[in-house]
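Visitor: Quick one: structure below, then a few questions.
The values are calculated or read from the model by the stated rules, or taken from the named source; none is laboratory data. Keep in mind that what you see is a predicted model, and the values were worked out from it rather than measured. Note that we place each Cβ from the backbone using ideal geometry, even for glycine, and neighbour counts take in every protein chain shown.
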């Protein structure tokens, strides 16, 4: 183990916070969408979640050694989604206090101001298996009182479906450039779980359009261990691609 | 065995304005671009297009050929969003069914099995149910241990008048082969359609098919195909591995030209006309 010479940067704290989402998942398909989520899932697999399965984003399963270990065409991905043996990390152009996500469009979906991705797999993902969100720019525009379109199902929508229909629904956490949020409250309203080191509580509250649940003192997101920093800097992201995805530094 | 080899124009002659047409491939991957270009040169219009969309959708939107789109997404892969599809959506002129990706598969599969619907959990609680007002739920006839009957989304069969897919190889009878990493859902488009057309990089003798790939790559057999068009580079500028990768330079030009009428005219003259 080489000693780390510099303190953890914000994107490295985010990587560890995203990796922590996979802790305890076992032998399921980790589907991280985005650069930093991909780095984070591989960090989790390299440390405390060694059994995770991961795709190359085309049609192969790739093991930790970089070897092809299986075939995963899109049809099989859908099968895995509906089987529940998957944990996705998706982005969110908008997210509300119940965890409803929008990646489809901004404005009236019949004539949107900005067409975005569409539904993609968000409805099926969120109702079938664990979901984590990665929002690299925590702002009032992304943390909204009401999303324009519900693509990923939040806790209020899931509750309205009834216990049976919602039994596979779980939003594990929301990681942003400023904080980690979760839904560990009696009514599953979004809670501020931890602030990244150096982030002020007032800053997060100000950049969130709805009231967050929190209790003071708000915990601080854990720092990467020396081993994690070593892996991030020398093995998983030597080119520093993760840093480019994060708004705050 | 019937020789099903036909020309691009023979496919166009079988299509009519107002038809529902399924397009194989995924995003900017193995799209039947030679046949899309032929549709663009034809007077066909008012089409309902069913596909996991890429530049095929964008080009058809640019030409004003699409009345309705049924899709899971429209993306150019290396460029996340297609400018022509965005513009058509933002003008509010397109009737869209933006399904969950898995729902689209299920609709095509239902049609291919001659079932009126297939059930799924995907869509429950999401706005796909309110934005697609024809969608219904169905109650399971089977109770669980507590006697509860689960409510599920009933994805309606998506019946196609015609399907168009691009594969790597076929013989003259229509036995076709994918040599890339993923068939996507090409078999389901062909299964859901009344008239089934494929273009291929190369038509080869039947005996040569297994020289290029294992029997598992022969997922499209001649009972699923009515016409075969030999169209080398027929998926270009989308990717068609292992024959060729995506032409990123041309795709970038396509996307950039959407913002500039003169550049678009030049691109269109070169690529389509």
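Visitor: Of the residues B:235, B:266, which is surrounded by fewer than 16 Cβ atoms within 10 Å (Cβ to Cβ) and either under 18 Å from the mean Cα position of the chain (by Cα) or not in a loop (DSSP other than H, G, I, E, B) (or both)?
Guide: The conditions single out B:266.
Visitor: Check every one of the helices (runs of 4 or more DSSP H) wholly within the stretch B:19-128 and list those with 2 or more residues that are within 14 Å of chain A (Cβ to nearest Cβ).
Guide: Ranges flagged: B:55-62, B:83-90, B:101-112.
Visitor: Give the residues of the stretch A:218-239 that are over 19 Å from the mean Cα position of the chain (by Cα) and over 14 Å from residue A:179 (Cβ atoms), sorted by residue number.
Guide: Selection gives A:225, A:226, A:227, A:229, A:230, A:231, A:233, A:234, A:235, A:238, A:239.
Visitor: Could you go through the stretch B:130-142 and let me know if any residue there is assigned to a loop (DSSP other than H, G, I, E, B), surrounded by fewer than 17 Cβ atoms within 10 Å (Cβ to Cβ) and not assigned by TED's automatic domain parsing to the domain that holds residue B:23.
Guide: yes
Visitor: Out of all the residues in the stretch B:238-261, which are surrounded by fewer than 14 Cβ atoms within 10 Å (Cβ to Cβ) and either over 19 Å from the mean Cα position of the chain (by Cα) or in contact (Cβ under 8 Å) with a residue 24 or more places away in the chain (or both)?
Guide: B:242, B:249, B:259, B:260, B:261
Visitor: Name the single residue that is nearest to residue B:120 (Cα to Cα) among those in the stretch A:140-172 being more than 9 Å from chain B (Cβ to nearest Cβ) and under 13 Å from the mean Cα position of the chain (by Cα).
Guide: A:170
Visitor: With respect to the numbered conditions (1) within 20 Å of the chain's Cα centre (by Cα); (2) surrounded by fewer than 21 Cβ atoms within 10 Å (Cβ to Cβ); (3) under 30 Å from residue A:128 (Cα atoms), which one is the sole condition not fulfilled by residue A:181?
Guide: That leaves (2) as the condition not met.
Visitor: Could you figure out which of (1) away from chain B (no Cβ under 14 Å); (2) touching a helix residue (DSSP H, G or I) at 6+ places or on another chain (Cβ under 6 Å) isn't true of residue A:188?
Guide: Result: residue A:188 passes all but (1).
Visitor: Is it the case that the stretch B:184-199 has a residue that's in contact (Cβ under 8 Å) with a residue 12 or more places away in the chain, assigned to a loop (DSSP other than H, G, I, E, B) and under 20 Å from residue B:163 (Cβ atoms)?
Guide: yes
Visitor: Oh, and also: Take residue A:232 and decide whether it is in a strand (DSSP E or B) and either under 24 Å from residue A:35 (Cα atoms) or modelled with pLDDT of 95 or more (or both).
Guide: Criteria not met by residue A:232.
Visitor: Tell me, which residue of the stretch A:149-182 that is touching a helix residue (DSSP H, G or I) at 6+ places or on another chain (Cβ under 6 Å) and part of a loop (DSSP other than H, G, I, E, B) is nearest to residue B:147 (Cα to Cα)?
Guide: Once the filter is applied, the top-ranked residue is A:166.
Visitor: Give the residues of the stretch B:180-203 that are within 14 Å of chain A (Cβ to nearest Cβ) and in contact with a helix residue (DSSP H, G or I) (Cβ under 8 Å, 6 or more places away or on another chain), sorted by residue number.
Guide: Hits for the stretch B:180-203 are B:182, B:183, B:184, B:185, B:187, B:188, B:189, B:191.
Visitor: Limited to the stretch A:120-139, what total is found for residues that are within 26 Å of residue A:247 (Cβ to Cβ) and either touching a helix residue (DSSP H, G or I) at 6+ places or on another chain (Cβ under 8 Å) or within 8 Å of another protein chain (Cβ to nearest Cβ) (or both)?
Guide: 10
Visitor: Another question about this same structure. In this structure, is residue A:201 under 20 Å from the mean Cα position of the chain (by Cα) and either at negative phi or modelled with pLDDT under 95 (or both)?
Guide: no
Visitor: Here is a further query. How about the stretch B:163-177: which of its residues are surrounded by fewer than 24 Cβ atoms within 10 Å (Cβ to Cβ) and either in the same structural domain as residue B:123 (by TED's automatic domain parsing) or outside any strand (DSSP E or B) (or both)?
Guide: Those that are surrounded by fewer than 24 Cβ atoms within 10 Å (Cβ to Cβ) and either in the same structural domain as residue B:123 (by TED's automatic domain parsing) or outside any strand (DSSP E or B) (or both): B:171, B:172, B:173, B:175.
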